[in-house]
Amino acid sequence: MKEKILLWIEGPLHFGIAYNLQKMYNCELYAVFDITNKPKEFFLKQDLVKFERVWFYHDHIKINDSVDMEFLKSFEKKYNIDLWKLAINERIFYRFYEFHKFSTNEILSIEEGSCKLFENILNEIKPDFFLSYLPNLHHLEIFYELCVAKGVKTLILSNPILGYKTRIAESKEITNSLKRYEETRGQNRDFKSLREYLHSFDISKQLKTSFNKNSNSKLSKAAIEFLFRSDNKHEKTHYTYFGRTKIRVLSFMVKLSMIKRRREKFLKEKLLQSVDLEKPFIYFPLGVDPEANILITSPFYTNQIEIARSIAKSLPIGYQLYVKENPAQVNREWRDISDYEEFLDIPNVKFLHPSFSNKKLLEKSSIVVTVAGTSGFEAAFYEKPSIIFGDTIYNLLPSVHRVREIENLPKIIRNCLSEQVNSEDLDKFLVLLEEDTFDFDLRGFNSKILEHFFHDGKLIDREISRESMMEFLNKEKESLEKLSLEHIKKIECDEKN
């Protein structure tokens, strides 16, 4: 019997995987498309992939005057999915108030439409596997959690905690992690060798390539196309674009450019670019905000100002808290100056410029605290324990301590200060991580997609032609075949088990 494979398609990547799956594997393909209106025209008419059935997510989301509250209550109870936990953390609902401020009724209407659609899809086709990116918006997280609740095998594509590595897994953590970890044998690597390994997969270098990419020519082309050739219909049909009229978007971008310059001036003047690293300190590198890594992974610890304040309250006398801005925050035009001022007002806190060396801070710190970022993992390579506020792939490291009740933070910090990190623990974990990942630059590949189809990501609502898609599929044939084969390996492995 053919496997039924359901794909969540946000663009060319998973479409390319589907294109190769139909050639490489005996299966039935289904798809949910989460795209804007112009790319939709291509996917409606395309003949490159034979899907048994497709759904266009936004076609099913309507804002209603009345909401079926009984359905939402029963959905939550039946599948143990906390809808408000995800909805309140949805950045679309609160970050873009300048365009549209969502009412409670609008949010609940969106939840109702999403949940009914997702439940109907899974009940109708009963897929064996669900393929998607790691969720970055709340509606995909609902679909992912619903698949898990209904026993559908999930194959989630993600960038793990090492650069130039890619992971396809059914859960965000390492499956059967504790048992596998206990049974794993390390390679007798000392900390020096482990650090060399980390630097060979330097995630900072990989990230810099993506967030430093800035093409004024592509931005100009995108702006001209948006203003003079776009019908901008998705402003009415896609809740993720509500209120984004052309004049509002243009005004917002001009305003944001001026705000960014003011913020960068503030960072240069107020944030420290040198500090005494010989004094005892706890290191708190900020996560990018807003980002799924915080909003979904750590839903009750999203206010990093308050986390910094809580850490500062929990420090033993003689220790300072060093907070460092994330260089990738530039993609969010930095933070509000008022946020920076709040950090600066916390006693016993030094706030460091984003250009400050992360490596030096890891080397010299006593403990590293992060909401759910990779710094908690990197800390172990520098023989430092870490404290985190979310469930991450590296949670099972003995030197990593998950905060579940903020009142326990002072005790956790004091215990960490007397803790010694074991190289054997990290060595074993890396062996496990190697088994769970493969060499592939997913971030770089996504950049190629944005460059080929979407003016480097400056304009997503663009028409896709059959010729353009075929050019991409042929040009990236080797990469897409590799991704598809890795998915097939996971499917076949599951069948054997």
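The values are calculated or read from the model by the stated rules, or taken from the named source; none is laboratory data. Worth saying up front: this structure is predicted, and the values here are computed from it rather than measured. Please note: Cβ atoms are built from the backbone with ideal geometry, for glycine as well, and neighbour counts cover all protein chains shown. The accessibility values were calculated without ligands, DNA or RNA, using every heavy atom of the protein model including side chains. Shrake-Rupley method; radii C 1.70, N 1.55, O 1.52, S 1.80 Å.
State all residues of the stretch 246-279 that are open to solvent by 100 Å² or more (accessible area, probe 1.4 Å) and not aliphatic (A, V, I, L, M); if no residue qualifies, say none.
Answer for the stretch 246-279, where residues must be open to solvent by 100 Å² or more (accessible area, probe 1.4 Å) and not aliphatic (A, V, I, L, M): Arg248, Arg261, Arg262, Lys265, Lys268, Glu269, Lys270, Gln273, Glu278, Lys279.
Which one of the conditions (1) outside any helix (DSSP H, G or I); (2) over 20 Å from Arg462 (Cβ atoms); (3) not hydroxyl-bearing (Ser, Thr, Tyr) does Ile35 fail to meet, given that it meets all the rest?
Of the numbered conditions (1) outside any helix (DSSP H, G or I); (2) over 20 Å from Arg462 (Cβ atoms); (3) not hydroxyl-bearing (Ser, Thr, Tyr), the odd one out for Ile35 is (2).
With respect to the numbered conditions (1) under 30 Å from Asn64 (Cβ atoms); (2) surrounded by 18 or more Cβ atoms within 10 Å (Cβ to Cβ); (3) touching a residue at least 12 places away in the same chain (Cβ under 8 Å), which one is the sole condition not fulfilled by Thr297?
Of the numbered conditions (1) under 30 Å from Asn64 (Cβ atoms); (2) surrounded by 18 or more Cβ atoms within 10 Å (Cβ to Cβ); (3) touching a residue at least 12 places away in the same chain (Cβ under 8 Å), the odd one out for Thr297 is (1).
When you scan the stretch 403-425, do you find a residue that is among the acidic types (Asp, Glu) and crowded, with 20+ Cβ neighbours inside 10 Å, even just one?
The answer is no, given that none of the residues of the stretch 403-425 is among the acidic types (Asp, Glu) and crowded, with 20+ Cβ neighbours inside 10 Å.
For every residue, the table says whether it meets (1) buried (at least 18 other Cβ atoms within 10 Å of the Cβ); (2) touching a Lys or Arg at 6+ places or on another chain (Cβ under 7 Å); (3) β-branched (Val, Ile, Thr); (4) touching a residue at least 60 places away in the same chain (Cβ under 8 Å).
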site: Val152; (1), (2), (3), (4): yes, no, yes, yes
site: Asn159; (1), (2), (3), (4): yes, yes, no, yes
site: Leu162; (1), (2), (3), (4): yes, no, no, yes
site: Lys165; (1), (2), (3), (4): yes, no, no, yes
site: Glu173; (1), (2), (3), (4): no, no, no, yes
site: Arg180; (1), (2), (3), (4): no, no, no, yes
site: Gln187; (1), (2), (3), (4): no, no, no, yes
site: Leu198; (1), (2), (3), (4): yes, no, no, yes
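Quick test for you: out of Ile92, Ile107, pick the one residue that is part of a helix (DSSP H, G or I), without any contact (Cβ under 8 Å) to a residue 24 or more places away in the chain and of a type in the set (A, V, I, L, M).
Exactly one of Ile92, Ile107 is part of a helix (DSSP H, G or I), without any contact (Cβ under 8 Å) to a residue 24 or more places away in the chain and of a type in the set (A, V, I, L, M), namely Ile107.
Check Leu72, Leu6 and return the single one that is more than 30 Å from Ser230 (Cα to Cα), surrounded by 20 or more Cβ atoms within 10 Å (Cβ to Cβ), modelled with pLDDT of 95 or more and not aromatic (Phe, Trp, Tyr).
Answer to the check: Leu6.
Out of all the residues in the stretch 458-487, which are part of a helix (DSSP H, G or I), crowded, with 17+ Cβ neighbours inside 10 Å and touching a Leu at 6+ places or on another chain (Cβ under 8 Å)?
Result: Met469, Leu480, Leu483, Ser484, His487.
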